[in-house]
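One structure below.
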Amino acid sequence: MSEKVITVVGIEATLIRKKVKNLRVTIVPPDGTVRVTVPKLLPEAIIRTFLLEKADWIRAHREKVLMQHKDEPKAYSDGETVRLFGKVYPLVVSEHQKKNGAALDGDRIVLSLRSDAPPEKRETILNAWFRERLKAEIEHFLPLWSNYTGLVPGEWTIRNMTSRWGSCNTKTKKINLNLQLVHYPLICLEYVILHELAHLRVRGHGADFKALLDRFMPDWKARKKLLNG
């Protein structure tokens, strides 16, 4: 069995190849992960066409699943899935360990817990690990985009925000980036980085701002759509 994440018309799906005869789409609760199980040798072009034809159905059923589980907190227990930079990983919980932590182990994320770790501590441990993963990617991409655009922030930080992907204080030149970006493909992180850097030159989101994005990232609209669903 092999897995791969593909995106078709803004729908991100985990493609699972295994010994089956037909294509099958499943919307997995509680986070609405889209899984497509397909025969091992089926060409990807056929799969993409299938997803394109089913796009309206997938969006409608995914929205239904999300609404049903919107107030349901994740337990971060064995068998749940978590998303890292656009890829969905099964979560493996390893208890009675010497220290708390998380790690990427092949095609799974392992959450290690001490014997005295309470259930509510799991999200905190995972978020600390996610923060370090996101920090490493920002440290890679931010200098690249600063050098490319000539727009350099005074400082930057990661915040767990609920309504914004990022923010920029034009007076202090400080940029904030949302911790939740760790769950989305890296091209989305690059888009948000450029978006906030652009505010160092243009405050609003008018024609001048969009022209700046067009200049440095011609596909920014597609990246934004992927990020916002």
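The values are calculated or read from the model by the stated rules, or taken from the named source; none is laboratory data. Given the structure is predicted, the values throughout are model-derived calculations rather than measurements. Cβ sites come from the backbone with ideal geometry, for glycine too, and all protein chains shown count toward neighbours.
Within the option set Leu186, Leu179, Leu212, Leu144, being surrounded by 19 or more Cβ atoms within 10 Å (Cβ to Cβ) and among the aliphatic types (A, V, I, L, M) holds for one residue only, Leu212. Of everything listed in (1) more than 20 Å from His183 (Cα to Cα); (2) touching a residue at least 24 places away in the same chain (Cβ under 8 Å), the single unmet condition for Asp56 is (2).
Every listed requirement among (1) surrounded by fewer than 18 Cβ atoms within 10 Å (Cβ to Cβ); (2) not in a helix (DSSP H, G or I) is met by Glu132 save one, (2). Here is the figure for the range 81-105: residues that are assigned to a loop (DSSP other than H, G, I, E, B), closer than 21 Å to Glu137 by Cβ and modelled with pLDDT of 90 or more total 1.
Exactly one residue out of Ala211, Ala136 is under 30 Å from Val88 (Cβ atoms), free of Cβ contacts under 8 Å to residues at least 12 places away in the same chain and of a type in the set (A, V, I, L, M), and it is Ala136. One residue alone among Leu189, Leu213 is aliphatic (A, V, I, L, M) and out of contact with any His (no Cβ under 8 Å at 6 or more places or on another chain), and that residue is Leu189. Looking only at the range 147-159, decide whether some residue is within 30 Å of Val88 (Cα to Cα), exposed (fewer than 15 other Cβ atoms within 10 Å of the Cβ) and not aliphatic (A, V, I, L, M). Checked against the condition, which is being within 30 Å of Val88 (Cα to Cα), exposed (fewer than 15 other Cβ atoms within 10 Å of the Cβ) and not aliphatic (A, V, I, L, M), the range 147-159 yields at least one hit.
Note on the range 52-73: residues that are outside any loop (DSSP other than H, G, I, E, B), modelled with pLDDT of 75 or more and not hydrophobic (A, V, I, L, M, F, W, C) amount to 7. What single numbered condition from (1) touching a Lys or Arg at 6+ places or on another chain (Cβ under 6 Å); (2) among the hydroxyl-bearing types (Ser, Thr, Tyr); (3) in a strand (DSSP E or B) fails to hold for Tyr76? Exception for Tyr76: condition (3).
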